[in-house]
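The structure under discussion appears below in the form of structure tokens.
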Amino acid sequence: MRHQLLLLFTCFISLTATAQQTVVTGAVEDAQTREPLGFCNISVLNTTIGTMTDEKGRFKLSLAPDYANARLVVSFLGYQNDTLPLKAGKTQYQVNLKPSAGKLNEVVVTGTMKEMSRLESPVPVEVYTPGFFRKNPTPSLFEAVGLVNGVRPQLNCNVCNTGDIHINGMEGAYTMILIDGMPIVSSLSTVYGLNGIPNSLVERLEVVKGPAGALYGSEAMGGIINVITKSPLKAPRVSVDVFGTSWREYNTDASVKFKVGEATSLLGVNYFRYQNPEDKNEDGFTDVTLQQRISLFNKWDFARAENRQASMAVRYVYEDRWGGQMGWTRQHRGGQELYGESIYTKRWEVLGLYQLPVREKVMAQVSFNGHHQNSFYGSTPFHANQRVAFGQLYWDKQLGLRHSLLAGAALRYTHYDDNTPATATGNASIPQNQPMVTPLPGVFVQDEWTLTEKHKLLLGYRYDYDRRHGHIQSPRVAYKWAPDPKHTLRASFGTGYRVVSLFTEDHAALTGAREVVIAEALQPEESINSNLNYVFQVPAQHYLLTLDLTGFYSRFSNKIIGDFDTDPQKIIYDNLRGHAVSRGATLNLELSFYNPLKLMAGVTYLKVYQKEADAEGQLQKTVQLHAPEWAGNFLASYTFHRNYTVDLTGTWSGPMRLPVVPHDFRPEYSPWFSLVNVQVTKKVGRTWDLYGGVKNLLNFVPQNPILRSFDPFDRTADDPVTNPHGYTFDPSYNYAPLQGTRVFLGVRYTLL
């Protein structure tokens with residue numbers, strides 16, 4: 001009986017103590033961005049008591065009555081640990097973790113095709129989050145990437161405002177755009193595909209400068225931009241972002257998250273509208289292309305046993321854009337009364353990722369996309385269809401403590417058809433159309449070898465087979481040395497290639513009057529690349545300084561060039577009889593005070609040119625178009641009391657060579673110029689942001705961008721009296737947007 005009473009008394013004391021436990025709650029945020037940090041470790045010092053924050057950065061912990069003597073330790077990868085003394089009577093805590101190495105501990109996948117800390121990656125990868133792009137709101141990624149040092153969105157036409165993205169001065173055809181690691185934006189869709197990717201879908205952008213053919217194959221000669229879309233598991237429940245400008249541009253981004261059984265879905269929509277013709281430079285043409293664009297996006301993540309991955313996403317984009325002479329209407333489309341460039345674009349994409357249910361980590365990736373374009377350039381039609389299927393299977397295996405192996409096989413199938421001479425066969429009187437069908441299978445292997453704690457070696461090799469060009473091999477080697485946490489040195493060497501692809505959109509090639517001539521059996525473009533990267537970081541008590549310096553050298557051979565000058569009745573394609581070079585250096589500096597100041601600046605020095613043999617065999621040097629020798633970016637951000645933040649952002653550019661014609665009165669080189677923006681943001685609670693500012697604060701606008709804008713159909717071009725130099729209509733002279741200063745206002749709502 002005595003033992004039973006003792007047991008009962010013990011149980012009563014235990015229950016009483018449990019009932020007296022106090023529940024401590026709190027939230028963990030990034031000290032700089034104020035974004036919640038999910039899945040942080042929370043533990044009580046010198047005990048086994050602990051928990052983790054949820055995806056919204058919140059935690060709950062039950063503590064004994066004497067918790068006031070305890071100390072709470074909060075830790076998260078890439079951040080300095082924080083220790084909080086718990087106070088009696090206080091049950092709610094706000095924790096702001098400071099980054100331990102800036103952005104260097106962010107998880108990246110592009111450099112090695114596997115998730116790892118950016119600091120540990122042997123390949124230098126630059127990471128940009130939506131918080132970076134929100135400092136200068138834009139309606140699409142094409143405009144947003146202009147803030148990235150060494151990356152330049154280049155408009156190629158002042159009428160339709162189409163363009164591409166240059167990395168380190170190389171043309172857009174050499175930039176590979178990936179979405180979630182899959183090459184679904186390429187060839188025809190490179191011109192228009194980026195405009196249909198809304199910023200609201202982006203979790204981060206990863207940029208690799210220089211060839212990466214060993215892992216990603218053709219077209220990755222100049223660099224890679226990998227668009228990582230948001231995971232439904234980590235996305236806010238509701239997100240809405242709406243802004244407009246004084247030019248009457250309006251953009252809306254909205255997304256909602258929901259669950260269906262074991263699956264979580266993110267549904268997003270983006271709508272952009274600009275229907276206000278402006279001709280402020282008085283050349284008779286619209287300064288900015290009028291657009292209506294809608295993009296729908298739906299991504300699903302599926303819960304599976306043993307945390308295996310499975311996701312699927314679909315996206316549809318429709319865009320209607322036109323630019324041209326003021327007064328142009330739909331009735332003028334394809335006619336010769338008023339000149340206009342009208343483009344209807346329809347695009348769909350399906351992406352899937354599936355981890356096989358086997359013991360090893362084997363991943364399968366698939367994507368399908370279709371791109372249809374119906375357009376007129378004046379009276380010249382351009383109709384094109386492109387379909388791309390991509391499949392990839394790879395095995396990710398850790399071999400012991402030193403070797404991390406990646407091996408896989410990929411197949412990309414491209415079907416392209418248009419109405420231009422590029423896909424025509426037969427003679428001029430009986431033209432026949434021959435769509436281009438390009439299967440491109442390949443295999444790759446990579447070994448990340450940890451030599452010691454401070455030394456890491458990456459060896460890679462890819463083999464592809466093209467039925468036109470045969471066997472294509474791409475080796476790669478990279479080395480990383482980190483003598484201490486403050487210093488990291490990376491060196492890499494590799495090759496790149498690009499299979500023959502003539503269906504790039506060149507306005508001069510759209511006229512059916514030109515005969516396409518293949519001067520020789522075209523060979524794939526090839527390159528060799530080397531770069532040296534040094535990162536220096538100083539984390540201090542009140543600030544974090546990061547210096548990132550990269551020197552690079554790329555040499556290109558067999559470059560394919562369309563010759564439109566030798567014979568005005570022909571387009572002559574052949575390989576460059578010489579070589580092309582892209583060399584230079586980039587420097588990024590970032591100084592972050594944990595509160596409230598952040599400064600960032602970048603500078604790029606470039607020498608991009610090609611040398612080709614003339615009739616006498618002498619090599620003649622030609623500077624690359626739209627590749628300024630000096631360029632850079634800058635950002636300054638300051639957060640005041642009461643949650644006001646001021647952001648000053650901008651880019652600057654030195655002189656760049658422009659496409660002039662013989663006896664052109666326009667300068668061959670652009671002037672020095674800068675595009676500066678300022679924004680003020682007011683945070684209201686945890687769900688609302690009100691923002692506004694001024695774009696192009698200095699009101700810089702290029703001069704004389706369109707040649708003979710008064711005669712777009714060249715009706716009087718042959719008149720030797722009024723046109724002694726034989727000028728023809730040409731809208732390709734461009735080096736900056738034609739929009740001057742404009743005000744913008746917006747509101748952002750986020751429900752976590």
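The values are calculated or read from the model by the stated rules, or taken from the named source; none is laboratory data. None of the values given here were measured: they were computed from a predicted structure. Glycine gets a Cβ as well: all are built from the backbone with ideal geometry, and neighbour counts include every protein chain shown.
Do the conditions hold for F382, that is, is it at pLDDT below 90, surrounded by fewer than 22 Cβ atoms within 10 Å (Cβ to Cβ), in the same structural domain as K454 (by TED's automatic domain parsing) and of a type in the set (F, W, Y)? Yes, satisfied. Do you know which of the residues in region 283-313 that are in contact with a strand residue (DSSP E or B) (Cβ under 8 Å, 6 or more places away or on another chain) and exposed (fewer than 15 other Cβ atoms within 10 Å of the Cβ) is nearest to Q739 (Cα to Cα)? Ranking the candidates gives Q292 first. One residue stands out among those in region 403-434 that are in a loop (DSSP other than H, G, I, E, B) and surrounded by 14 or more Cβ atoms within 10 Å (Cβ to Cβ): the one that is modelled with the lowest pLDDT, which is T420. Within region 609-645, the set of residues being part of a strand (DSSP E or B), under 31 Å from the mean Cα position of the chain (by Cα) and small (G, A, S) comprises A631, G632, A636, S637. Applying a threshold of 7 Å to beta carbon distances and a minimum spacing of six or more residues, or different chains, the list of pairs starting in region 242-266 at a residue that is over 11 Å from F302 (Cβ atoms) and touching a residue at least 12 places away in the same chain (Cβ under 8 Å) and ending at one that is assigned to a strand (DSSP E or B) and charged (D, E, K, R) reads T245/R742; S246/R742; W247/R742; Y250/R273; D253/D241; L266/K257; L266/K299.
Summed over region 673-692, residues that are touching a residue at least 60 places away in the same chain (Cβ under 8 Å) and among the small types (G, A, S) total 0. In the set (1) at pLDDT below 75; (2) assigned to a strand (DSSP E or B), H471 fails one condition alone, (1). Would you confirm, using the coordinates I've provided, whether P667 is part of a loop (DSSP other than H, G, I, E, B), touching a Leu at 6+ places or on another chain (Cβ under 8 Å), assigned by TED's automatic domain parsing to the domain that holds T604 and surrounded by 13 or more Cβ atoms within 10 Å (Cβ to Cβ)? So P667 passes the test.
Annotation note: Cβ proximity below 8 Å between a residue of region 615-640 that is touching a residue at least 24 places away in the same chain (Cβ under 8 Å) and under 17 Å from G150 (Cα atoms) and a residue that is of a type in the set (K, R) and part of a strand (DSSP E or B) (sequence gap 6+ or interchain) occurs for Q624/R657; L625/R657; H626/R152; H626/R657; A627/R657; E629/K607; A631/R152; L635/K598. Suppose we keep only residues that are surrounded by 16 or more Cβ atoms within 10 Å (Cβ to Cβ) and out of contact with any Phe, Trp or Tyr (no Cβ under 8 Å at 6 or more places or on another chain) within region 272-282. Which one would you say is nearest to Y339 (Cα to Cα)? Once the filter is applied, the top-ranked residue is P277. Every condition in (1) more than 25 Å from E668 (Cβ to Cβ); (2) part of a loop (DSSP other than H, G, I, E, B); (3) among the β-branched types (V, I, T) holds for V743 except the one numbered (2). Candidates are the residues of region 696-733 that are under 38 Å from the mean Cα position of the chain (by Cα) and β-branched (V, I, T); the one that is surrounded by the fewest Cβ atoms within 10 Å (Cβ to Cβ) is T728. The residue that is nearest to W688 (Cα to Cα), among those in region 237-271 that are among the acidic types (D, E) and surrounded by 19 or more Cβ atoms within 10 Å (Cβ to Cβ), is D241.
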